[in-house]
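Report on the structure given below.
The values are calculated or read from the model by the stated rules, or taken from the named source; none is laboratory data. Keep in mind the model is a prediction, meaning the values are calculated, not measured. Quick reminder, even Gly has a Cβ in these numbers, built from the backbone with ideal geometry, and neighbours come from all protein chains shown. The area values use the complete protein model at the heavy-atom level, side chains included, leaving out ligands, DNA and RNA. Shrake-Rupley method; radii C 1.70, N 1.55, O 1.52, S 1.80 Å.
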Amino acid sequence: MARIMVVDDEPVIIDTIGMLIRRMGHSPITARKGEQAITTFRKERPHVMILDLGLPDISGLDVLKRIREFHADTPIVILTGDNTEDLERQARTLGVSDFVLKGSNLGPLKEIIERLVKTA
């Protein structure tokens, strides 16, 4: 069973993805703010992280940068409602594994999680 962290400020997103993770037989870990995500990540060391770029306290890119400072290998999937080339380029430079647009069906996210858990 893998620990998969979901970071998003929208409760419905956390609940929906958390349910998917449980159905897959894994354990969800959640955070709704960037600073909370960093603290929880350090404590829990998840196998995979799903990270929203639009958080209320600090940006998802800042969370990504800070996590990469102390743990460069964890697969991180960016979850975003804004798919801009600039954000994607910045995130890819920091080593994200994949991107998923909010509002899309969960099939692609499930496949991504399955693939990343195997390699984590």
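Expressed as a whole percent, the accessible area of the range 1-74 that falls on carbon and sulfur atoms is 47 (1.4 Å probe). Taking amide H as placed 1.01 Å from N in the peptide plane, the amide H of V6 sits under 5 Å from that of I29, T30, A31, I50, each at least 5 places away or on another chain. Think of a 1.4 Å ball rolled over the protein heavy atoms: the chain then has 52 Å² of accessible area per residue. Taking a sphere under 12 Å around the Cβ of R42 and counting the other residues whose Cβ falls inside, with K and R at +1 and D and E at -1, yields a net charge of 0.
Rounded to the nearest 500, the 222 nm mean residue ellipticity of the chain from helices alone is -14500 deg cm²/dmol, with -39,500 (n - 2.57) taken per DSSP H run of at least 4 residues.
Ranked by solvent-accessible area (1.4 Å probe, protein heavy atoms only, all chains present), the residues T39, T30 order from largest to smallest as T39, T30.
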